[in-house]
Amino acid sequence: MLRYISRRLLSILLSLFLIITATFFLMRAAPGGPFSGEKKLPPEIEKNLNEYYGLDRPWYNQYFDYLASIAKWDFGPSFKYKGQTVNDLINEGFPVSFFLGMESLLLAVSLGILLGVIAALNHNKWQDYGAMIFAVLGISVPSFINGIPFTICVSD
């Protein structure tokens, strides 16, 4: 069992490393940069910003600095929100996301157990088939489609 868990953890770490590496190089391959938007900045300001954020250094230095900072759980400064770090933004949104996730998990487990008991007590009857249809639709329909009726039900 310990061997299985260690292999799974190694597999997770390798996958995470590959995802982090792919996102780093995909962002570098994208045209433009973090400061080239609709409003064109003067070249000297863009140069100063690139120097401040370390974007003027070679890609391999940026990559290893990126890996080192992620290993320390430091996601760096936000390019969009001045004076805030990405960690600040994550810490700000995490409690709400966690609460919503726990609510949806509680709803899904409660509803699943209830429908499972009803289906088991009424084997091969319309209640069984109704619970099965509801479960299949809940799994197969994308969450952004399922979310619309739930949003309508719980909103004022």
Among 53, 63, which is surrounded by 11 or more Cβ atoms within 10 Å (Cβ to Cβ), in contact with a strand residue (DSSP E or B) (Cβ under 8 Å, 6 or more places away or on another chain) and of a type outside the set (Gly, Ala, Ser)?
53
Selection count, the range 29-68, where residues are more than 24 Å from the chain's Cα centre (by Cα) and under 22 Å from residue 17 (Cβ atoms)
6
Within the range 10-38, how many residues turn out to be among the charged types (D, E, K, R) and surrounded by 10 or more Cβ atoms within 10 Å (Cβ to Cβ)?
1
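Read-outs: derived from the displayed coordinates by stated rules, not from any lab. The shown structure was predicted, so the numbers you read here are calculated from the model rather than taken from an experiment. Cβ sites come from the backbone with ideal geometry, for glycine too, and all protein chains shown count toward neighbours.
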